[in-house]
1. Need one number: nm distance between label points at Ser16 and Thr190, each 7 Å from Cα along Cα→Cβ, rounded to one decimal.
2. Quick one: putting +1 on the C-beta of Lys and Arg, -1 on the C-beta of Asp and Glu, what dipole do you get for the chain around its Cα centre, in Debye to the nearest 20?
3. For Ala48, project a label point 7 Å along Cα to C-beta. Then give me every residue of region 75-96 with its amide nitrogen under 13 Å of that point.
4. Test of understanding: what is the full-extension gain from Ala239 to Ala79, defined as 0.36 nm times their sequence separation minus their Cα-Cα distance?
5. Express the carbon and sulfur contribution to the solvent-accessible surface of region 83-132 as a percent, rounded to the nearest whole number, probe 1.4 angstrom.
6. Assuming 0.36 nm per residue, please report the length gained on full extension of the stretch Ser278 to Ala94 beyond their Cα-Cα distance.
7. From the C-alpha coordinates alone, can you work out the Kirkwood hydrodynamic radius of region 13-127, in Å?
8. Note down the relative contact order for the chain as a percent, whole number, built from C-alpha pairs under 8 angstrom at least six residues apart.
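The values are calculated or read from the model by the stated rules, or taken from the named source; none is laboratory data. All values derive from a computational prediction rather than experimental measurement. Here the Cβ is made from the backbone with ideal geometry for all residues, glycine too, and neighbour counts use every protein chain on show. Protein only, heavy atoms only, side chains kept; ligands, DNA and RNA dropped before computing areas. Shrake-Rupley method; radii C 1.70, N 1.55, O 1.52, S 1.80 Å.
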Amino acid sequence: MAEYKGIKGFKVQYLSADPSNPIIGQTWYNSTSKDLKYQGVTTTPSWASATNYPANMQRQASFGTQTATVNASGLEGAAYTTNTKEYDGTTWTAGGSVPTALEQPGGGGILTAGFMAGGETPAPAKTTETVNYDGTSWTLSGSMATGRSALMSGGTQTAGIIAGGGPGIAPSFSNATEEYNGATWTTGGTLPTAVRNLRGFGLQTAAITLGGELPPATPTNATSEYNGTSWSGGGNLAATATAMDGEGTLTAGVAMGGGPAVTTVQLYDGTSWSPTSSMSNARTLHGASGASAASSLAIGGASATANLSAVEEFNGPGLPQTKTVTVS
């Protein structure tokens, strides 16, 4: 029987090294490693440990992609912080300081064009403050109509969205939505019910909320979907949790963790949620970033006993992956 290397790849590329940016479906023979390889997609979601955050952290704003993340403000230990850290997929480095130290603000956008809105100061007063980030520094922008924390947020710097949250001294609940154009906020559609300690993801015209608490302090597994004008009921979460976080799109999303601190992870297909591979660290009140459900981060958060510095990467369905086939 002829060996593969004797064929020399008349229908398969014969390369001395793997291509730097293979496309889905591409097949090649690596003559150095003597492996037949092809570029497929991840079918089994998994979590992997990433570089720890430089401090134990919870209640922050996080946005960006898995390899270009912003993590800002929140609590480091028990102290409110103005710190911003940027992540390149390997290393955390210092970014520009946030004007006001806050906990549980919202945020959205990318590393070079993001925003942070709302949150709670040590008073504990809820702020209407909004700040824009350009990859180097934060700049004050237009104020929200209602100050609040523990809210849903998403979108981009020029098309952002926030909804729900706690506008006053706990317990308080909001059903208000506001939309951001990069400079000013306007009123959006009202949530079906007032809810706090919720999170969410998506775009200003296609967003989803994740769980939270209903009055007086009842955890819910309900989600709501936004079309840019109004909210309607989405698929119920497979497991109820508050202060979870997530990333992705309205038709391909991931929700992770939540209170009480759990390792639970759920995938959304636009209709229903289903459990998937769990995180290694149980967490709630954590940060999350990622351009898609297939490639996201879980950052810090609170366990049952302490704040966390642990960061984990989610490699979900559809993520490009080079696979090796044994040949003789």
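1. Spacing of the two 7 Å Cα→Cβ label points: 7.0 nm.
2. Rounded to the nearest 20 debye, it is 600 debye.
3. The answer is 89-90, whose backbone nitrogens lie closer than 13 Å to the label point.
4. Gain on extension, Ala239 to Ala79, equals 54.5 nm.
5. That fraction is 51 percent.
6. 63.3 nm
7. 17.0 Å
8. For the chain, the relative contact order is 17 percent.
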